[in-house]
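S.K.: Okay, here's the structure, questions in a sec.
Every number in this text was worked out from the coordinates using simple rules, so none of it is lab data. Please read all numbers here as calculations on a predicted model, not as lab measurements. All Cβ positions, even for glycine, are placed from backbone atoms using ideal geometry, and neighbour counts span all protein chains on display.
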Amino acid sequence: MTSLKKYLTSEIKDFLFTELDEGFLVSSDLAFLIEVPIPIRQEDLKAFTEGGLSTTKIADNMAMVIGADDEFKYSVFYLRYFKKLFDEKLVGVFCSKAEQLLRSGSPRKAICYLRAGLQLDPEGLQSMFSYANGCRIWYQSLEGSDETDLISVLKSEANEYFVQVTNHYPDFAPAWYFLGYAYLNAGAYMKASLAFKHYIASSEGQPEEDIQEVKDRIDELEDPIRIEDGKNLLIAGRVEEALSLLEPYTEGKYSNWWPLHFYLAVAYENLGHDAEAIEGYLKVLSLNPSNYDAMTALSELYSKAGDEEKARKYSEKAKLVLANNADDTDR
């Protein structure tokens with residue numbers, strides 16, 4: 001979970017830390033909190049000095065701190081406080097707060113609560129699935145923005161915990177549903193199909209429209225899986241087999257699918273058919289103009305053919321794409 005930490009610490013930057021009265025802690029059987037810094041908000045100062053904060057308010061502040069910073073030095077004491085004063089329903093309380101915050105457009109606070117719940121119950125169905133789903137909702141709200149690094153981290157977190165849910169609770173259909181779409185969006189078509197089939201196998205009680213939607217997706221994935229098989233044959237060095245499998249797809253609905261043309265170009269290049277490879281990589285760029293690998297391959301092929309002007313052209317284009325990607329990462 002630590003990869004999200006830098007995006008969440010803004011939620012706790014205004015917290016103050018103080019210690020609770022030792023006598024009170026001893027009398028309340030909370031001696032483990034002696035000399036442990038307790039988080040309070042600036043707006044809580046008056047209430048704290050005049051009569052103290054409620055146990056629930058303290059717990060709420062603690063949740064925000066350990067949710068934002070899962071490497072926080074005193075997390076173990078905060079978790080002990082939760083378990084001492086509250087029952088197992090506290091995870092549900094955190095998840096409920098997070099759901100409300102996600103609806104109201106406060107995803108950072110929401111994720112803090114969900115991460116606190118995950119620390120309370122690391123392998124619980126509610127804690128893991130709610131966290132995965134919270135990350136999914138957040139990154140979907142960011143799509144189209146320039147926060148590409150955050151989107152990437154959120155997708156990774158969501159996918160990791162959807163996988164964790166399916167590992168621990170293989171009959172929980174919703175996790176398979178979201179995992180299938182995660183694989184589909186990543187271009188992992190075989191994995192997507194398998195996840196969707198797991199969803200169908202455990203779909204009792206799921207909405208009929210979702211079940212039919214997933215069945216349709218499974219049917220639609222047959223050709224992409226075949227194309228993915230061609231890519232895998234290519235990786236395995238079985239180039240001619242890959243070519244014979246992939247070439248028929250240049251006619252029909254996948255004729256403008258750039259990954260297909262990239263795989264074909266790689267196959268032609270491996271077989272020494274440089275003219276066909278160049279044509280394939282140019283087709284890739286016509287469909288995906290910022291494809292760095294196609295630019296690099298074209299530069300090398302044109303250089304091999306003695307056309308240094310075009311080799312230089314695509315080399316410069318590739319360097320520009322690389323520089324732009326580096327700028328996006330640094331932002």
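S.K.: Starting from 0.36 nm per residue, how many nanometres of slack lie between Asn256 and Ser244 once their C-alpha separation is accounted for?
M.R.: 2.5 nm
S.K.: With a point put 7 Å past each Cα toward its Cβ, work out how far Leu142 is from Ile200 in nm, to one decimal.
M.R.: The answer from the label model is 3.4 nm.
S.K.: Could you check the spin-label model distance between Phe86 and Gln42? Points 7 Å from the Cα along Cα→Cβ, value in nm.
M.R.: So the two model labels end up 2.6 nm from each other.
S.K.: Within the stretch 247-330, how many Lys pairs sit with Cα atoms under 30 Å apart, leaving out pairs fewer than 8 places apart on the same chain?
M.R.: Here the count comes out as 11.
S.K.: Per DSSP H run of n ≥ 4, the term is -39500 (n - 2.57); total these for the chain, divide by its residue number, and report the mean residue ellipticity at 222 nm rounded to 500 deg cm²/dmol.
M.R.: -22000 deg cm²/dmol
S.K.: Let's test the formula: R0 of 56 Å, r as the Cβ-Cβ distance of Glu316 and Glu123. What FRET efficiency results, to the nearest 0.05?
M.R.: E(calc), rounded to 0.05, equals 0.60.
S.K.: Can you name the helices of the chain, as whole DSSP H runs, whose Cα span along the helix axis is 24 Å or more and whose Kyte-Doolittle mean is not below -1.0?
M.R.: Sorted by number, the helices that extend far enough and score high enough are 125-142, 148-168.
S.K.: Here's a follow-up. Taking the C-alpha atoms of the stretch 115-214, how large are the radius of gyration and the largest Cα-Cα span, Dmax, in Å?
M.R.: For the stretch 115-214, the Cα-based Rg and Dmax read 13.6, 40 Å.
S.K.: Now for a different question. When only alpha-carbon atoms are used, what values of Rg and Dmax, in angstrom, describe the stretch 2-169?
M.R.: 16.6, 55
S.K.: Go through (i) 21.3; (ii) 29.3; (iii) 19.1 and flag the label whose value is the computed mean projected area of the Cα convex hull in nm² for this structure.
M.R.: (i)
S.K.: Another question about this same structure. Rounded to the nearest 0.05, what FRET efficiency do Asp14 and Gln100 give with R0 = 22 Å and r taken as the Cβ-Cβ distance? Could you check?
M.R.: E(calc), rounded to 0.05, equals 0.55.
S.K.: Take the Cα atoms of the stretch 247-330, build their convex hull, and give its volume per residue in Å³.
M.R.: 86
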